[in-house]
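The structure appears below as structure tokens.
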Amino acid sequence: MLETCKANHAATVVAAMPRLVRMCAALVVYATCAVAFAQTQTPSFDTFNVPAGSGPHDVAPSPDGTVWYTAQSRGAVGRVDPRTGKTDWVAVGEGSAPHGVIVGPDHAAWITDGGLNAIVRVDAKTLAVSRFPLPKDRPNGNLNTAVFDKHGQLWFTGQNGIYGELDPASGRMRVFDAPRGRGPYGICVTPGGDLYYASLAGSYLGRIDPVSGATKVIEPPTRDQGARRVWSDSKGRIWITEWTAGKVGMFDPAKQQWREWPLPGQGPHAYAIFVDDQDIVWLSEWTANALLRFDPRTEHFDVLKLPQANANVRQMMGRKGEVWLSASGIDRLLRYDTHGGGK
């Protein structure tokens, strides 16, 4: 690209100029082309291979520097230390199909396991596995995602029409029926402690009353948008991926107002969402096989192509300066440096 740019522009711009002027002009054209070249390069991702056939569904960086992931296709949970390359592999049990993973206040990995119909805890030091099964009258919840609230309670969703609360200390569990049945998917907690989940099949945002367990349905502006993953920013605004509509949506509870932005490209599908410590919104976009960076202040999208085709990134989380992606389609974890590679 750089050589083509020089050839096409330098000759026509400077053909009739004195020799010294021609040299200066050519240098300006060269510098301009070099800048354009730098801006169009594929961004740099760090890649971490996981065992073949893992199908890493969700990913969760830990404060200790390690990174957990669910190997959904192999009924296991893995852990990678990107500093040393050390890996751990924990088989969860026969029939396991782990979906979501988060790191709890105890630094353990907490997993929503649809195959076992249970919440699973893996101890960070011993790798011991503990199970918290759903009540017998709640079979096949199709457990999806979990989050800890400000009181240390774990809240979770199940796509077959449930959501619930687990008290890790006592093992006590409450399970509730979701409005409109099937659909509860991503879940998040705001800095103020409010709980929200997104319903993919129900196409709504739900706010949970932690005392009664009741859900208030909040309708996005676009019908049948397919709200999938959800995250809160530092101001308590709720961001959702609209899988079917090809948009990112934001609900401001303080103003009781929605805003939506169409994603760039043809037929986009946003799956995962993560809001970093600078309130930059990151999305995984399946159609373009890209990581999208959205700055709410400028309302500008950057499209960052992923290093391999068909990455199928289903979840993202991060810590300061890093965004981690679970590339389920290629059996890899990806790390993007938001300081070095981002703007």
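When GLY181, GLY193, GLY186 are checked against the criterion of being over 23 Å from the mean Cα position of the chain (by Cα) and of a type in the set (Gly, Ala, Ser), GLY181 stands alone in meeting it. The set of residues in the stretch 215-232 being open to solvent by 10 Å² or more (accessible area, probe 1.4 Å) and assigned to a strand (DSSP E or B) consists of THR215, LYS216, VAL217, ILE218, ARG228, TRP231, SER232. Kindly check whether there is at least one residue in the stretch 124-139 that is without any contact (Cβ under 8 Å) to a residue 12 or more places away in the chain, among the polar types (S, T, N, Q) and over 21 Å from LEU195 (Cα atoms). Within the stretch 124-139 (the criterion being without any contact (Cβ under 8 Å) to a residue 12 or more places away in the chain, among the polar types (S, T, N, Q) and over 21 Å from LEU195 (Cα atoms)), the answer is yes, since at least one residue qualifies. Residues in the stretch 88-105: is at least one over 14 Å from SER62 (Cβ atoms), out of contact with any Pro (no Cβ under 9 Å at 6 or more places or on another chain), surrounded by fewer than 20 Cβ atoms within 10 Å (Cβ to Cβ) and charged (D, E, K, R)? Yes, there is a match, as at least one residue in the stretch 88-105 is over 14 Å from SER62 (Cβ atoms), out of contact with any Pro (no Cβ under 9 Å at 6 or more places or on another chain), surrounded by fewer than 20 Cβ atoms within 10 Å (Cβ to Cβ) and charged (D, E, K, R). Would you say ARG223 is basic (Lys, Arg) and touching a Phe, Trp or Tyr at 6+ places or on another chain (Cβ under 6 Å)? So ARG223 does not fit the description; no. Being open to solvent by less than 10 Å² (accessible area, probe 1.4 Å), free of Cβ contacts under 8 Å to residues at least 60 places away in the same chain and among the hydrophobic types (A, V, I, L, M, F, W, C): is that true of ALA108 here? Considered against the rule, which asks whether it is open to solvent by less than 10 Å² (accessible area, probe 1.4 Å), free of Cβ contacts under 8 Å to residues at least 60 places away in the same chain and among the hydrophobic types (A, V, I, L, M, F, W, C), ALA108 comes out as yes. Count of the stretch 78-87 residues, restricted to those that are open to solvent by 20 Å² or more (accessible area, probe 1.4 Å) and of a type in the set (Val, Ile, Thr), is 2. Just to be sure, is GLY171 assigned to a loop (DSSP other than H, G, I, E, B), out of contact with any strand residue (DSSP E or B) (no Cβ under 9 Å at 6 or more places or on another chain), open to solvent by 10 Å² or more (accessible area, probe 1.4 Å) and at pLDDT 95 or above? Spelling it out, it is not the case that GLY171 is assigned to a loop (DSSP other than H, G, I, E, B), out of contact with any strand residue (DSSP E or B) (no Cβ under 9 Å at 6 or more places or on another chain), open to solvent by 10 Å² or more (accessible area, probe 1.4 Å) and at pLDDT 95 or above.
Taking the stretch 244-264 as the range and being open to solvent by 10 Å² or more (accessible area, probe 1.4 Å) and more than 29 Å from LYS150 (Cα to Cα) as the test, the residues that pass are THR244, ALA245, LYS247, TRP261, PRO262, LEU263, PRO264.
From the list GLY164, GLY206, the lone residue that is open to solvent by less than 10 Å² (accessible area, probe 1.4 Å), assigned to a strand (DSSP E or B), more than 21 Å from GLY104 (Cα to Cα) and not polar (S, T, N, Q) is GLY206.
The values are calculated or read from the model by the stated rules, or taken from the named source; none is laboratory data. Since we're looking at a predicted model, the values are computed, not measured. Note that each Cβ is placed from the backbone with ideal geometry, even for glycine, and that neighbours are counted across all protein chains shown. Only protein heavy atoms, including side chains, enter the accessible area calculation; ligands, DNA and RNA are left aside. Shrake-Rupley method; radii C 1.70, N 1.55, O 1.52, S 1.80 Å.
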